[in-house]
Amino acid sequence: QVQLVESGGGLVQPGGSLRLSCVASGSIFSIGTMGWFRQAPGKERELVAVITKGGSTNYADSVTGRFTISRDNAKNTVYLQMNSLKSEDTAVYYCNVDRVVGSRGAKRDLWGQGTQVTVSS
């Protein structure tokens, strides 16, 4: 069974940096678009950044120029480098894969368990 496991969250001061990682584990043949979403208390989950298998990226306006998404297809891993963090970036960050093909067939819209990012002085 394919699972997504995030890591790298934590507490950071405003202006600081964090790097999130998300590994897709299991018997995997291919992974489609990978992305990061976030949900702050009392708010809906929102897109942060996505990256296609070929490396094309798209970012939310609020993080453009500060965050960078990347992936290592050989390691089935997606990263989110977050710089110049602001208090409004505080949220639970979730990894998402739109489609994965494994030994047990294809699955769509997989989510990780989430990792907390808190930006505070």
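Tabulated data
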{"read-out": "Solvent-accessible surface (1.4 angstrom probe) belonging to Phe29, in square angstrom, nearest 10", "value": "150"}
{"read-out": "Positive-end extreme of charge dipole, the chain - chosen from Ala106, Val48, Asn83 (charges on Cβ)", "value": "Ala106"}
{"read-out": "Area accessible to solvent at Asp72, 1.4 Å probe radius, in Å²", "value": "50"}
{"read-out": "In nm, spacing of pseudo-spin labels at Gln81 and Asn58 (7 Å Cα→C-beta vector)", "value": "2.3"}
{"read-out": "Trypsin sites (Lys or Arg not before Pro) restricted to DSSP loop in the stretch 17-121 with at most 10 other C-beta within 10 Å", "value": "Lys43, Arg104"}
{"read-out": "Rounded to the nearest 20 debye, dipole of the chain from Cβ charges on Lys, Arg, Asp, Glu", "value": "320"}
{"read-out": "All-pairs Cα distance distribution in the chain, expressed in whole percent, bin size 5 Å", "value": "2, 12, 23, 25, 18, 11, 6, 2, 1, 0"}
{"read-out": "Count of lysine pairs in the chain with Cα separation under 21 Å (8 or more residues apart, or interchain)", "value": "4"}
{"read-out": "Ellipsoid equivalent to the stretch 53-115 - semi-axes via the Cα gyration tensor, in Å", "value": "25, 14, 10"}
{"read-out": "Mean separation of Cα contacts under 8 Å, 6 or more apart, over the residue count of the chain: relative contact order %", "value": "36"}
{"read-out": "Cα-derived Rg over Rh, computed across the stretch 9-71 with Rh taken as Kirkwood radius", "value": "0.99"}
{"read-out": "Residue-normalised accessible area of the chain, expressed per residue, 1.4 Å probe, Å²", "value": "52"}
{"read-out": "Percent carbon-and-sulfur accessible area, the stretch 51-121, ignoring ligands, DNA and RNA, probe 1.4 Å", "value": "43"}
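The values are calculated or read from the model by the stated rules, or taken from the named source; none is laboratory data. Keep in mind the model is a prediction, meaning the values are calculated, not measured. Here the Cβ is made from the backbone with ideal geometry for all residues, glycine too, and neighbour counts use every protein chain on show. For the accessible areas, the whole protein counts, side chains as well, though only heavy atoms, and no ligand, DNA or RNA atoms are used. Shrake-Rupley method; radii C 1.70, N 1.55, O 1.52, S 1.80 Å.
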